[in-house]
1. So which strands (runs of 3 or more DSSP E) stay within the range A:73-161 end to end and still have 3 or more residues that are in the same structural domain as A:Lys307 (by TED's automatic domain parsing)?
2. Within the range A:278-289, which residues are open to solvent by 10 Å² or more (accessible area, probe 1.4 Å) and either more than 20 Å from A:Leu167 (Cβ to Cβ) or more than 18 Å from the chain's Cα centre (by Cα) (or both)?
3. Please enumerate the residues belonging to the range A:275-310 that are of a type in the set (Gly, Ala, Ser) and farther than 25 Å from A:Ile263 by Cβ.
4. Please verify whether A:Arg244 is within 16 Å of RNA strand B (Cβ to nearest atom), out of contact with any Lys or Arg (no Cβ under 6 Å at 6 or more places or on another chain) and either at pLDDT 95 or above or open to solvent by 20 Å² or more (accessible area, probe 1.4 Å) (or both), treating the condition exactly as stated.
5. Please find, within the range A:62-105, the residue that is farthest from RNA strand B (Cβ to nearest atom) out of those that are of a type in the set (Lys, Arg) and surrounded by 14 or more Cβ atoms within 10 Å (Cβ to Cβ).
6. Could you check the range A:181-225 and list, in sequence order, the residues that are within 29 Å of the chain's Cα centre (by Cα) and open to solvent by 20 Å² or more (accessible area, probe 1.4 Å)?
7. In the range A:302-327, what count of residues is obtained for those that are open to solvent by 50 Å² or more (accessible area, probe 1.4 Å) and either outside the structural domain of A:Ile104 (by TED's automatic domain parsing) or not hydrophobic (A, V, I, L, M, F, W, C) (or both)?
8. Select, from A:Val217, A:Val250, the only residue that is aliphatic (A, V, I, L, M), within 26 Å of A:Glu139 (Cα to Cα) and modelled with pLDDT of 85 or more.
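The values are calculated or read from the model by the stated rules, or taken from the named source; none is laboratory data. Keep in mind that this is a model prediction, so the values were computed, not measured. Because the Cβ atoms are built from the backbone with ideal geometry, glycine has one as well, and the counts that use them run over all protein chains shown. Calculation scope for accessible area: heavy atoms of the full protein, side chains included, ligands and nucleic acids excluded. Shrake-Rupley method; radii C 1.70, N 1.55, O 1.52, S 1.80 Å.
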Amino acid sequence: MAKISAPKGTRDFYPDEMRRRRYLEDVWRRVSLRAGFEEVDGPIFESLELYIQKAGEEIVTQLYNFEDKGGRPIAIRPEFTQSLARMVVARQAALPRPIKWFNISRCCRYERAQKGRLREFFQWNCDILGAEGPAADAECIAVAIDALQEFGLTKEQVEVRLSSRKLLSVMLAKLGLSDAAIPKVYLVLDKRGKVPADVIHHMINEIEMTEDQRKRVVDIMDMSSLDGLPSFFGDDPEVLEQLRELSQVVSLLGDDAAQFVRIDFGIVRGLAYYTGPVWEVFDKTGTLRSLCGGGRYDNLIAASGGKAMPACGFGAGDVTMGLLLDSLHAWPNDLTPRADFYVSCVQAASVSKVLPLVRRLRSLGRSAIHDLISSNIARQIKNADAMGVRYNVVIGSHKCSDDEVILGNMRTHEERTIRIQDLLKSVQDGTI
RNA sequence: GUGAGCUUAGCUCAGUUGGUUAGAGCACCAGGUUGUGGUCCUGGGGGUCGGGGGUUCGAAUCCCCUAGCUCACCCCA
């Protein structure tokens, strides 16, 4: 039989990888729950139409789709947001506001795999619906930062780059740029930092606008705070309003979280999608794709057939986060689950006593394991040690009677003889 | 869709201008140690050198084709 390998862009999760995946998910879930988000989920496949409706026919080339046996066009979910919108719309009137939901979804996209991007991945989403205004945006950013800190990351290692689609479009409109020039400016903004400075310079010079406009576009591009803006636009009320809203997002975070945040109008993201503040999290070495991205998308629910409803949220993938923790050696030291007890057995005659004791220990909520391949006592203890077990329990030693066992602390090397019922009692009391 | 690189043991990799029977470390298994663990010592299993074809007395090594993987561009909800 031919060996068949896993499909391109997918991963096998052997125990090592699975532990890391669970660790990521545990952090995401813990952080979400303590911020008051409720976990939701939808099907792993949806009607293909759900994605076409939003992104157009071209999206089909970028996802896994098939016809089911009833001839219905189906797609494996490439993201969760469309499912979320569908779920919200279905019960929109009945859901208490604001809606705060989170989800950890397995998603597939048919794309060429490369560093930080695979065909199957896990994505954490947090969304707040029914809340307009900067408080909800700040809450999303706060939760994302909370997760970063929970992973042990500092403001020296990662940063949140914050922009505002609305502020940016108002500013560009006020500069009097032509309709043809504005998309090109977005493109340049998006490319900045990804391609060499002289290329950026060249791209800007290619855009048709006056020298004054060009200079101002460059100024906006280079801005890393909002301080200069009011004088820049002569206290224009529209600009000021958007500026105030974006500043509030930062100030609501408080000094501690705001230290992670930097204003960067280079954050563009999906043009059709976002309507207000947008942000992405990057590692500061700049070697990885974004760790997390989000923003305000007030049109989504209406576009999905519901009543207009403000919404904001973010998504974070497991692949890039894993790469970052790899490169920083920031995984927790020991994710290996260690059993509390290894019940070993000296003589064949006592073998039948092993599993019953193991089961008693397990029923008390402790983890207990034992030999399954007839190892001698030396091998059993060797195995127990290799697995980092806390206590070794020896049954059938000539040093003790039938209702006794030897309890060995694998770390301190202390041994003592103890009656089985006393052992179980101590375990129950929590003294062992 | 475009371009580049890589492929030798389960993993990470050596392998000299082509030259005996293809190696190391780690991992795994066993013994030293048949009633007590980490170290150590000894041994063992495991390779169609990605696949196919060609050149040659001789190919892991050179040439051609092909597959797979990786990286970058495009795209990125």
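1. The qualifying strands (runs of 3 or more DSSP E) are A:99-108, A:120-129.
2. Pass one, the range A:278-289, residues open to solvent by 10 Å² or more (accessible area, probe 1.4 Å): A:280, A:282, A:284-289.
Residues satisfying the conditions are A:Phe282, A:Lys284, A:Thr285, A:Gly286, A:Thr287, A:Leu288, A:Arg289.
3. Of everything in the range A:275-310, those that are of a type in the set (Gly, Ala, Ser) and farther than 25 Å from A:Ile263 by Cβ turn out to be A:Ala302, A:Ala303, A:Ser304, A:Gly305, A:Gly306, A:Ala308.
4. No, not satisfied.
5. By that ranking, first place goes to A:Lys100.
6. Hits for the range A:181-225 are A:Tyr186, A:Leu187, A:Asp190, A:Lys191, A:Arg192, A:Gly193, A:Lys194, A:Val195, A:Met223, A:Ser224, A:Ser225.
7. So the answer is 4.
8. On the way: A:Val217 fails: within 26 Å of A:Glu139 (Cα to Cα).
The unique qualifying residue is A:Val250.
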